[in-house]
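Heads up: the structure comes next, in structure tokens.
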Amino acid sequence: PVSPGSCPTAGVQITQPAQGARVSGRVEIRGTADIDGFSFYKIELGLGERPNAWTSIGDLHQTPVTGGSLDVLDTTGLPAGVYSIRLVVVDVTGNYPAPCEVRIIVGQ
């Protein structure tokens, strides 16, 4: 069985793709980005299961989302392999709870 992603905060959740999902093409990222004092959220991509560096895949999103579409990851042109996506939700003071991280497999 595939273990769930690391998402300890209720208002910071990626529900799709699932932990360990094999993906290709344009992939919708769904979940929840809604914490007290919400300011913005972003989706980031890193290479491997424990990335040393993260890159934002799109713009900062300034509207909270509950159980909906967060962003779209275009995997076209990415080398096949294991990646991690994470959701970072920031409040109006600039603080943020632990990000939600999910491991995915691109291509193959």
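None of the figures in this text is laboratory data; all of them are computed from the coordinates on show. The structure displayed is predicted, hence computed values, not measured ones. Cβ: placed from backbone, ideal geometry, glycine included. Neighbour counts: every protein chain shown.
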* Run the numbers on the chain and let me know its relative contact order in percent, using alpha-carbon pairs under 8 Å that are six or more apart. => 37
* To do: Please give the length that would be gained between residue 55 and residue 91 if that part of the chain were fully extended, namely 0.36 nm times their separation in residues minus their C-alpha to C-alpha distance (nm, one decimal).
  => 11.0 nm
* To do: With a Förster radius of 41 Å, plug the Cβ-Cβ distance of residue 62 and residue 18 into 1/(1 + (r/R0)^6) and report the FRET value to the nearest 0.05.
  => 0.90
* To do: Among DSSP beta bridges whose residues both lie in the chain, state the antiparallel percentage, nearest 5.
  => 90
* Asked: Dividing the convex hull volume of the alpha carbon atoms of the chain by its residue count, what do you get in Å³ per residue?
  -> 95
* Where the Cα atoms of the range 31-76 are projected onto their three principal axes, how long is each span, largest first, in whole Å? -> 31, 22, 17
